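Q: Before anything else, here's the structure in question.
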Amino acid sequence: MKRTPRMEQLEDLLRQDPDDPFLRYGLALEYASVGDDDTCARMLLELIARPAGPPYIPAYLQAGQVLIRLERYEEAREVLRQGIEAAQAAGDPHAAGEMQGFLDSIT
């Protein structure tokens with residue numbers, strides 16, 4: 001797998017602040033950008049499952065998309081359903097609608 005300078009930078013920042021969801025999300029997307037969807041999916045699912053702090057809503061849509069690329073369809077549907085609930089609970093109808101639209105396109 002190709003490592004990027006951005007990965008190294010994000011990992012350094014995460015060592016300083018391991019609970020920062022934005023850094024974790026950015027690192028996951030960096031893995032996707034080099035074609036490592038398996039690592040991206042794992043990192044996004046870990047971010048979604050973390051007990052600390054409020055849910056990081058963008059992670060649900062990205063996880064759904066990467067799971068579809070990995071042909072893990074049922075898992076993608078479940079993550080999107082959870083994301084819709086989390087977005088609604090957070091008062092984010094735009095994110096909920098975006099995830100619902102994507103879910104509808106794969107079911």
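Q: Can you work out ³J(HN,Hα) from phi for every residue in the range 81-88, in order, using Karplus 6.51 cos²θ - 1.76 cosθ + 1.60 and θ = phi - 60°, giving whole Hz and x for Gly and Pro?
A: 4, 4, x, 4, 4, 5, 5, 5
Q: Here is a follow-up. Between the helical axis of 5-16 and the dominant principal axis of the chain, each derived from Cα atoms, what acute angle in degrees is found, rounded to the nearest 10?
A: That helix lies at roughly 90 degrees to the long axis.
Q: What does the charge count near THR4 come to, summing +1 for each Lys or Arg and -1 for each Asp or Glu among other residues with Cβ under 14 Å from its Cβ?
A: Summing Lys and Arg as +1 and Asp and Glu as -1 gives -2.
Q: Let me ask something else. Measure nothing fancy, just the Cα-based angle from helix 58-69's long axis to the longest principal axis of the chain, in degrees from 0 to 90, nearest 10.
A: 90
Q: Connecting C-alpha atoms closer than 10 Å in a GNM of the chain, tell me which of GLN82, GLN65, GLN16 has the biggest fluctuation.
A: GLN16
Q: Additional query: For the chain, set up a GNM with springs between Cα atoms under 10 Å and report which of PRO55, PRO93, PRO21 has the largest fluctuation.
A: PRO93
Q: Give the Rg (one decimal place) followed by the Dmax (whole number) of the chain, computed from C-alpha coordinates and expressed in Å.
A: For the chain, the Cα radius of gyration and maximum Cα-Cα distance read 13.8, 41 Å.
Q: Turning to a different aspect of this structure: Against the longest principal axis of the chain, how steep is helix 21-33, in degrees 0 to 90 to the nearest 10, with axes from Cα atoms?
A: Taking Cα atoms only, the helix is inclined about 90 degrees.
Q: Hey, got the dipole for the range 5-106? About the Cα centre, +1 on K and R Cβ, -1 on D and E Cβ, debye to the nearest 20?
A: 140
Just so you know, all these numbers are worked out from the coordinates, no wet-lab data involved. None of these values were measured; they are calculated from a predicted model. Here Cβ is always computed from backbone atoms with ideal geometry, including for glycine, and neighbour counts include all displayed protein chains.
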